[in-house]
Amino acid sequence: MKEYKTREQKKKFYRSKEWVDLRLLALKRDNYECQHCKREGGVTIDSIKTPGHRKEVVLNVDHKYPIEFYPELALEMDNLETLCVKHHNIKEGRTFDKIRPSKKKKWDDERW
Ligand SMILES: [Zn+2]
């Protein structure tokens, strides 16, 4: 059984062809919409990148059951869900994306 406990193991997984392919299928299945936003009655789709501007919305494909604890579900379509960055971070308990620290914080929900 494969393990995805360390950063390296996870990094390797997220770079694998199996994941990259499956991720695209999951996005397609979810209509390129954040499934959380959808449940709340909103629509958050991946925005088109315009030259000179950062992408506004980036969708993530999330593992409902984290691969760290459920490695056998890493490539299960039923375990995948498309989430916008905001919802993905909330789920992961992050307030900003540590992988890309240079990225500007897009959501400032605390301000009000
Ligand atoms: Zn969302």
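Whether any residue in segment 80-93 is more than 13 Å from the ligand (Cβ to nearest atom), modelled with pLDDT of 90 or more and assigned to a helix (DSSP H, G or I) is what I want to check. Looking for residues that are more than 13 Å from the ligand (Cβ to nearest atom), modelled with pLDDT of 90 or more and assigned to a helix (DSSP H, G or I), one finds none in segment 80-93, hence no. Sub-7 Å Cβ pairs linking a first residue in segment 69-87 that is closer than 15 Å to residue 46 by Cβ to a second residue that is outside any loop (DSSP other than H, G, I, E, B) and among the small types (Gly, Ala, Ser), at least 6 apart or interchain, are 82/26, ordered by first then second residue. For segment 31-43, the criterion of being hydrophobic (A, V, I, L, M, F, W, C), touching a Ser or Thr at 6+ places or on another chain (Cβ under 8 Å) and assigned to a loop (DSSP other than H, G, I, E, B) is met by at least one residue.
The values are calculated or read from the model by the stated rules, or taken from the named source; none is laboratory data. The model shown is predicted, which means the values in this text are computed figures rather than measured ones. For neighbour counting, all protein chains shown are included, and Cβ atoms are generated from backbone atoms with ideal geometry for every residue, glycine included.
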